[in-house]
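Below: the structure, in structure tokens.
The values are calculated or read from the model by the stated rules, or taken from the named source; none is laboratory data. All values reported here derive from a predicted model rather than from experimental measurement. Cβ atoms come from the backbone with ideal geometry, glycine included; neighbour counts cover every protein chain shown.
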Amino acid sequence: MLGSEKIRVLIADDHITVLEGLAAIIGRQPDMVVVAEGSNGRQAVELWQTHRPDVALLDLRMPVLDGLSAIEEIRKLDGSARLIVLTTFDTDSDLLSAVKAGVKGYLLKDARRDELLDCIRRVSRGETCLPASLVQKLAASLSREALTSREVEVLEYLACGKSNKEISSLLGISETTVKSHLRSIFRKLDVLSRTEAIGTASRLGLIKL
């Protein structure tokens with residue numbers, strides 16, 4: 001950004017109160033201007049094409065086209081697009097998917113106002129803005145050994161309250177094999193119990209409760 005040029009911001013969120021609140025906060029900044037507001041991912045992509053903002057602020061969960069898909073489409077249009085995710089979701093899979101898709105910033109909706117504004121300014125300058133707590137989650141996620149598809153199946157049945165015998169029957173494998181899968185799951189997730197395994201897998205976005 002040169003001289004007194006304002007940072008041109010696009011906002012996309014399907015919650016009207018959040019959208020209006022963000023627009024008001026950003027619009028009051030002397031160095032920023034909101035150039036477009038969208039309520040779904042498809043609008044976000046179209047508005048980005050029309051306005052080519054300096055920074056786009058997008059929610060992850062939106063109708064018509066979700067935030068991640070919108071990010072991927074925008075990045076295909078312009079690999080240098082500067083995008084920030086502002087969401088209530090902080091599972092490792094959401095964070096990892098967003099970073100892989102090319103976002104420059106990732107904030108939770110309970111972030112302080114000054115954090116949000118600082119993130120917009122930093123991303124507009126070409127910097128990356130990922131809070132330390134999320135960077136730690138990302139590092140842990142990247143270093144963790146991935147579960148196999150069979151192990152995820154076992155976890156899903158585990159989360160439904162199925163016993164080893166029931167899982168064995170449902171998957172057509174022996175109980176010994178089920179126990180072997182559980183040992184591997186516990187090791188990979190660094191947990192000691194079924195309850196802990198289910199909770200960790202849910203937090204990581206591996207299963208949905």
### Summary
Just one listed residue, out of Ser184, Ser169, is surrounded by fewer than 16 Cβ atoms within 10 Å (Cβ to Cβ) and either in a helix (DSSP H, G or I) or under 24 Å from the mean Cα position of the chain (by Cα) (or both), and it is Ser169
#### Entry: Residue among Ala98, Ala24 that alone is assigned to a helix (DSSP H, G or I) and without any contact (Cβ under 8 Å) to a residue 24 or more places away in the chain
Ala24
### Task
Mind listing whichever residues of segment 151-166 are under 25 Å from the mean Cα position of the chain (by Cα) and over 15 Å from Ala197 (Cβ atoms)?
none
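Under the condition of being within 20 Å of Ser180 (Cβ to Cβ) and buried (at least 17 other Cβ atoms within 10 Å of the Cβ), which residue from segment 117-152 is modelled with the lowest pLDDT?
Among them, the one singled out is Leu147.
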### Message
Checking the condition within 20 Å of Asp114 (Cα to Cα) and of a type in the set (D, E, K, R), which residue from Asp66, Asp31, Asp94 passes?
### Response
Asp31
### Task
Enumerate the pairs (first residue in segment 191-209 and closer than 15 Å to Leu147 by Cβ and of a type in the set (S, T, N, Q); second residue anywhere and part of a helix (DSSP H, G or I) and at pLDDT 85 or above) with beta-carbon separation below 6 Å, excluding pairs fewer than 6 apart on the same chain, so at least 6 apart or on different chains.
Thr200/Leu189
#### Entry: Close pairs from segment 158-183: first touching a residue at least 12 places away in the same chain (Cβ under 8 Å) and closer than 21 Å to Ser202 by Cα, partner among the hydroxyl-bearing types (Ser, Thr, Tyr) and surrounded by 14 or more Cβ atoms within 10 Å (Cβ to Cβ), Cβ under 6 Å, at least 6 apart
Ile167/Tyr157; Val178/Ser168
### Task
Being hydrophobic (A, V, I, L, M, F, W, C) and modelled with pLDDT of 90 or more is the filter here, so list the residues in segment 92-107 that pass it.
Val103, Leu107
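Can Asp94 be described as over 27 Å from Ala201 (Cβ atoms) and not hydrophobic (A, V, I, L, M, F, W, C)?
Answer is no for this residue.
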### Query
Is there a residue being among the small types (Gly, Ala, Ser), in a helix (DSSP H, G or I) and either surrounded by 15 or more Cβ atoms within 10 Å (Cβ to Cβ) or at pLDDT below 95 (or both) anywhere in segment 73-91?
no
### Query
What do you reckon, is Ile11 assigned by TED's automatic domain parsing to the domain that holds Asp110, touching an Asp or Glu at 6+ places or on another chain (Cβ under 6 Å), crowded, with 17+ Cβ neighbours inside 10 Å and in a strand (DSSP E or B)?
yes
### Task
Starting from residues that are part of a loop (DSSP other than H, G, I, E, B) and not basic (Lys, Arg), keep the ones in segment 101-116 and report whichever is surrounded by the most Cβ atoms within 10 Å (Cβ to Cβ).
Val103
## Note on the structure
When segment 11-64 is checked residue by residue, the ones that are over 17 Å from Asp78 (Cβ atoms) and of a type in the set (Ser, Thr, Tyr) are Thr17, Ser39
### Message
Which count do you get for residues in segment 38-55 that are free of Cβ contacts under 8 Å to residues at least 60 places away in the same chain and in contact with a helix residue (DSSP H, G or I) (Cβ under 6 Å, 6 or more places away or on another chain)?
### Response
5
### Query
Pick from Val18, Val35, Val45: which is buried (at least 17 other Cβ atoms within 10 Å of the Cβ) and either under 22 Å from the mean Cα position of the chain (by Cα) or part of a helix (DSSP H, G or I) (or both)?
Val45
